[in-house]
Every structure is written in C-alpha cells, then in structure tokens.
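Some notes on the structure that comes next.
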Amino acid sequence: MMAEDTPSGSGSIRLYGPPDDGPLAIRGGVGGISFQLEELAGGAERVEDLAARLSELEVEVRRIWEDLVPFQNLPRWSGTMALSAVGESERSLQAVRTELQHISSQVRACKREYEMAETVAAAARSIGIPNLEAEWERHADFWRTGFLNRSALENMTAGAVSATPLLKALVEGALPSMRSRLVEVKREESISIDLDPSPAGLLERVQLIDQRGAGFIEVIEIDHGGQKVYVVVIPGTQLDGGVASGNPFGLSGIAEGVGSNSKNVRTAVMEALTAAGAQRGATVVGVGYSQGGIHAMNLAASEEFLADYDLKYVLTAGSPVAGITPNPDVSTLHLEHRTDWVPGTDGAPNPDARNQVTATMTDNLYVQTGENVGIGPGHQLSGYQDAARLVSASNDPSLAGSTAALGAVLGAGGAATATRFSLARIKAPTPNLHAADTRRQERGYGGR
C-alpha cells in the first residue's frame, strides 16, 4: 500500500508517499514522488496549452457572435436561435477553459507545497530537530543490535558531503598513508561461469571476488543479443593490512572514493575493462558492496568513464552514495537496511529520482550477547542478497521498472567469462636522505 500525501491547497489531487512492499521501503523510480511531480508538472503544461487554445477559440466564437448580432431580428429559427447557440458555445468554452486553468493551478500548488515540505524536512534534519517516531526507532534499534541505525548516522553526519574537501585534507595530513595513489592492475585468471543476472546473483559475484583475495575485482563478459556486455564487480572495504596497506579497497579506498571521486580506482577499472576485451563504447554494468558501491557510483558520475563506456546500470548494497549524482541515462538500484549505519555516513537519504531507486529493508534485527556481526547485523552481505531476492519478486512499479532495466541489459544470463584482476596501490616514493645530505655537503653546508 502507498501512503497518500496530499498538500493543502491541492484539492482533489493525490500524491502517494514512499510505498512499502512487505519489509521493503521504496524510494525513487517511476513510483517515487519526484517522478509523480514531474508527470503532474508535464500534465499541467499540457492542460495550460489546451486552455490557451480554448481561449483562442473563445475569441473566434465571440467574433462570430458579434457578426450575427445584426440578424437577431430575423425569424427565430434563423436569427435569434443562431445567436443563442453561438453565445452558449462561448460560455461553454469559457467554463471548460476556466476549469482547466483551475486544475493546472492545483497541480502547481501541489508541486510547490511538496517541494517546500521537502525543504523544511531537510532543514530540520540538518539542525537536528527530533522526529519522535524516528527517535524511538533509533533507540529501539540500538537496544536490539548495539549499533546506531542509518537515520541516526544521517543525523550525526548531516552536511558531511559539503565538508568532504576539508575532511579529506585533515585525514591525509594526519595519515599520509591515506593519500590517493596510483593503482597498478594485474590480470590474474579467466574462468567460465554461469551468470545469474538478477540483483541477488550479481551480489553473489561480490562475495566470490572477496573470497578470491584482498584487492581483487572481476570483469564478467557475457553475450546478449549478439553484443558483448561487461559487468564490473567491486568488493567492500577489506581491512587486512591496516591503514598502510597497499590494497586500494582498504581504509584508504574510502578516502579515495569519497574525497577523490575514485579517480585512481576508476583508471584501474578502465584498464581492467580494456584487458578483458571491452571495446570503446561497450555496454557496462557496475556492481559494488559497501565501499565498492561508492566506486561503482563514481563511475556513473564520471565524464571520463562515460566517454569510453556505455554504463547502463549500477547496483549497490550498503553503500553511502547520496552525495553522488549519476548521469541521468544510468539506472541505479541501491539496497540498504534500516539498521545499517554505513549508508547513513553520507548525512542524507538517497535522492528520490526517476533513475535512482532505493530499497530499504525495514525488518527488526537482533544481536545476541557474544554474537559476532562485524560492523553491524544490517551490513551483512548475506542480508543484502536476501533483500535483492525480495526486490526481484516485488510488483512495486519502481522495483519492477529497475529490475526490468537490468534485464534489458544482461538478458537471461548464462554462459559467461569472468576475468579477475588484482589491484595494488603504487608505493609513494621515499625521500633519499643520503642523496639530500650529499647535496648539502656539495653546497658547503655539511658538518657546519
């Protein structure tokens, strides 16, 4: 069921708020409020055009009526009746035109009031005005899991996107090992696989590439309709090796994705695609979990990447991507869980846009004493695979439209080739202290 959201002054016009489909709350897509408003605005323009045409007809009918006035004293059947009929036509046209203009004004009032409500809600979030229902949910989730939930982190980090450059400078200044560095790409192996092109099947590839080892990505080549399509699979954050690790998907990868728009990872992905056989203009799908979703979405916002490849679709799971705006031609599906704090670290909910659909799991999770759930029960990849299966089974128009878009790109799946690449950050050059000391001596400073 969709919740109705009717702004005051909108008359009989009805908007429907974010729908729920079982344990899924859906935002964006063709069922999203933004798309409804776009459709209403487009309808309002068409109604206004029709009203303008009727206004022109009114003028013409009035001219005809005035031409008939001299004949009003003729016999009733020829003069007066004709004059009355034309006059009635003018009044009917005026009534229809007035009603159309009224409808158009209602639509525009509805759009304005919704946009104002969104602005007020965003302002309330940014200054920390509490929502009692949301506050209760945050406390309940913390009691059940021992972790803050997504909305709690959104409140704590509101405005984080605008502060990213400063945060990046502070982090890199305090921890030089976190600075962005070039990434070396090495082809490891190619294997034949049977690709399941559903969202759950694509997330399974994330699990498999993560098990392959730290720093690996996968490029899958599949034939669809006689055309080669490529799927880029990027893992989540891998903490093996600590902060100074050469793994581009370590903690430094988060700084790279958020602070540098995945510049070096993007270059590495393009090299991997070329090595896997992808020609310029080839169709690509991006898949990423957690940090990997940040990198995948940055591909969708990169003019450089989109100039070389036709990125059609991006699937993310548990990723903070609200601050990344994909190209309008790229469809995106984002899986989140209410209790997963990671997607909330960007300080805002994902946009409600036609090409962006967010499906949030809303079921209650519990953590038993001593149970190991990593950084939280809501961030488990297995849970997101369950969410992906629910998405595929949903009849919600936004989810159905999104999965249909994915199916149009990958087809029914089947036989495919998966090529694995290992990625490593190139070590920063270390200063040659001996050479520096020699230069000082040559200049006459040594020993003084």
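The values are calculated or read from the model by the stated rules, or taken from the named source; none is laboratory data. Here the structure is a predicted model, which means the values were calculated and not measured. Glycine gets a Cβ as well: all are built from the backbone with ideal geometry, and neighbour counts include every protein chain shown.
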Within the range 310-324, the count of residues that are assigned to a strand (DSSP E or B) and either at pLDDT below 95 or farther than 19 Å from Leu251 by Cα (or both) comes to 6
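Conditions (1) of a type in the set (Gly, Ala, Ser); (2) in contact with an Asp or Glu (Cβ under 8 Å, 6 or more places away or on another chain); (3) surrounded by fewer than 22 Cβ atoms within 10 Å (Cβ to Cβ), marked per residue:
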site	(1), (2), (3)
Ser262	yes, yes, no
Gly281	yes, yes, yes
Gly292	yes, no, no
Met297	no, no, no
Leu311	no, no, no
Gly318	yes, yes, no
Check: When you look at Asn395, is it in contact with an Asp or Glu (Cβ under 8 Å, 6 or more places away or on another chain), exposed (fewer than 15 other Cβ atoms within 10 Å of the Cβ) and in a loop (DSSP other than H, G, I, E, B), yes or no?
Finding: yes
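Considering only the range 342-354, how many residues are in contact with a Gly (Cβ under 8 Å, 6 or more places away or on another chain) and either modelled with pLDDT of 95 or more or assigned to a loop (DSSP other than H, G, I, E, B) (or both)?
First, the residues of the range 342-354 that are in contact with a Gly (Cβ under 8 Å, 6 or more places away or on another chain): 342-343, 346-348, 350-354.
The next check asks that each one be either modelled with pLDDT of 95 or more or assigned to a loop (DSSP other than H, G, I, E, B) (or both); those that pass are 342-343, 347-348, 350-352, 354.
The qualifying residues number 8.
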Per the filter on the range 62-79, residues modelled with pLDDT of 75 or more and either surrounded by 13 or more Cβ atoms within 10 Å (Cβ to Cβ) or in contact with a strand residue (DSSP E or B) (Cβ under 8 Å, 6 or more places away or on another chain) (or both) are Arg62, Ile64
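Only one of Asp363, Asp346, Asp340 is crowded, with 18+ Cβ neighbours inside 10 Å, under 17 Å from Leu24 (Cβ atoms) and touching a residue at least 40 places away in the same chain (Cβ under 8 Å). Can you tell me which?
Testing whether each residue is crowded, with 18+ Cβ neighbours inside 10 Å, under 17 Å from Leu24 (Cβ atoms) and touching a residue at least 40 places away in the same chain (Cβ under 8 Å) leaves just Asp340.
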Leu208 passes all but one of the listed conditions (1) in contact with a Ser or Thr (Cβ under 9 Å, 6 or more places away or on another chain); (2) surrounded by fewer than 18 Cβ atoms within 10 Å (Cβ to Cβ); the exception is number (1)
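Answer yes if at least one residue in the range 374-382 is aliphatic (A, V, I, L, M), assigned by TED's automatic domain parsing to the domain that holds Glu189 and closer than 21 Å to Gly236 by Cβ, and no otherwise. Please lay out each step first, then the result.
Within the range 374-382, the subset aliphatic (A, V, I, L, M) is 375, 381.
Narrowing further to those that are assigned by TED's automatic domain parsing to the domain that holds Glu189: 375, 381.
In the following step, the residues that additionally are closer than 21 Å to Gly236 by Cβ were identified as 375, 381.
Within the range 374-382 (the criterion being aliphatic (A, V, I, L, M), assigned by TED's automatic domain parsing to the domain that holds Glu189 and closer than 21 Å to Gly236 by Cβ), the answer is yes, since at least one residue qualifies.
Name the strands (runs of 3 or more DSSP E) wholly within the range 211-309 that hold at least 2 residues that are under 18 Å from Pro326 (Cα atoms), at pLDDT 95 or above and small (Gly, Ala, Ser)? Quick ask: steps written out before the conclusion?
On the way: elements: 216-224, 227-234, 283-289.
Where strands (runs of 3 or more DSSP E) fall fully within the range 211-309 and carry at least 2 residues being under 18 Å from Pro326 (Cα atoms), at pLDDT 95 or above and small (Gly, Ala, Ser), they are 283-289.
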